[in-house]
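Here's the structure we're looking at; comments come further down.
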Amino acid sequence: MKIKETPLKDCYIIEPTIFEDDRGYFYEKFNEQKFEDLTGLNGHFVQDNISKSSYGVLRGIHLQKGEHAQAKLVSCLEGKVWDVAVDLRKDSPTFGQWFGIELSPENKLQLYVPRGFGHGFSVLSETAIFSYKCDNYYNKDSEGSVIWNDKDLTIDWKLPADVIQLSEKDVQLPSFKEQNF
């Protein structure tokens with residue numbers, strides 16, 4: 001397993017070591033001890049979530065705040081997504097900056113999104129199955145969010161605006177400046 005830094009503090013790309021031959025392949029998807037040794041961060045996850053979405057679906061930008069904040073380890077099990085992490089930690093040197101990466105079963109990459117970050121993804125393939133490992137349990141009262149097309153963040157979601165599909169809830173999210181992070 002290789003850990004690659006992103007431009008955002010504490011946000012990492014995890015690249016597995018793949019053992020491949022004519023029968024197929026094997027790789028260790030995650031190893032808590034290796035992750036902690038390489039990053040110095042807690043890699044203990046308590047909840048796994050899976051979502052399936054169709055082309056053009058954009059989910060985000062979401063986060064959990066306060067004592068229910070969540071770090072996430074995300075990957076794409078089927079299809080292809082553009083995954084985005086936004087640093088929403090006021091005391092961070094990368095506050096208000098975002099990072100995006102394509103995730104797919106072909107590249108087998110994962111993104112570690114630390115607590116205090118917003119997260120979202122857009123589906124670039126016909127369908128996608130997306131996996132989230134979370135280090136804290138979901139709590140509805142701790143939800144936070146930022147509108148997907150925030151004019152200050154200027155996130156490139158790798159999709160034409162006219163194909164983007166949002167949930168009713170995600171259409172009405174507040175802007176980055178309207179938040180108190």
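The HN-Hα couplings worked out from phi for the range 84-90 by the Karplus form 6.51 cos²θ - 1.76 cosθ + 1.60 (θ = phi - 60°) are 10, 10, 10, 6, 10, 8, 3 Hz, whole numbers, x standing for Gly and Pro. Ellipticity at 222 nm from helices only: DSSP H runs of n ≥ 4 in the chain, each -39500 (n - 2.57), divided by the residue count, give -1500 deg cm²/dmol.
The string of couplings for the range 106-118 from the Karplus curve (6.51, -1.76, 1.60, θ = phi - 60°) is 5, 8, 6, 7, 10, 10, 8, 10, x, 4, x, 9, x Hz, one whole number per residue in order, with x for Gly and Pro. Between Glu78 and Leu41, the distance separating the two model label sites (each 7 Å from Cα on the Cα→Cβ line) works out to 2.9 nm. Extension gain, Glu102 to Lys34: 0.36 nm times the residue separation minus the Cα-Cα distance gives 22.1 nm. In a DSSP loop and with at most 11 other Cβ atoms within 10 Å, the trypsin sites (Lys or Arg not before Pro) in the range 130-169 are Lys151.
Applying the Karplus relation 6.51 cos²θ - 1.76 cosθ + 1.60 with θ = phi - 60° to the range 57-71 yields 3J(HN,Hα) values of 5, 10, 10, x, 9, 10, 7, 10, 10, x, 5, 9, 3, 10, 8 Hz, where x marks Gly and Pro.
Listed from fewest to most Cβ neighbours within 10 Å, the set Cys76, Cys11 follows the order Cys11, Cys76. Placing a label point 7 Å from the Cα of His68 along the Cα-to-Cβ direction, the residues of the range 27-59 with a backbone N closer than 18 Å are 46-50. Once backbone amide H atoms are built at 1.01 Å from N, Trp148 has Ile61 as its partners under 5 Å, excluding neighbours fewer than 5 places away on the same chain.
From most to least packed by mean Cβ count within 10 Å, the peptides 58-64, 4-10 give 58-64, 4-10. Applying a DSSP loop filter and a limit of 16 other Cβ atoms within 10 Å to the GluC sites (Glu not before Pro) in the range 22-107 leaves Glu28, Glu106.
Put in order of Cβ neighbour count within 10 Å, fewest first, the listed residues His119, His68, His44 become His44, His68, His119.
Value of Rg to Rh for the chain, rounded to two decimals, is 0.96; Kirkwood radius and Rg both from alpha-carbon coordinates. For Lys158, the aspartates and glutamates whose Cα comes closer than 16 Å to its Cα, not counting residues fewer than 8 places off in the same chain, are Asp83, Glu102, Glu126, Asp150. Sort the range 91-172 into rounded, prolate or oblate with this rule: let a ≥ b ≥ c be the square roots of the eigenvalues of the Cα gyration tensor; rounded if a/c is under 1.5, and if a/c is not under 1.5, prolate when a/b is larger than b/c, oblate otherwise. Here the range 91-172 falls in the rounded category. Give me the percent relative contact order of the range 45-171, please, defined on Cα pairs under 8 angstrom at least 6 residues apart. Contact order relative to length: 42 percent.
No lab work stands behind these numbers, since they all come straight from the coordinates. What you see is a predicted model; the values in this text were computed from it and never measured. Positions of Cβ are generated from backbone atoms using ideal geometry, with glycine treated the same way; all protein chains shown enter the neighbour counts.
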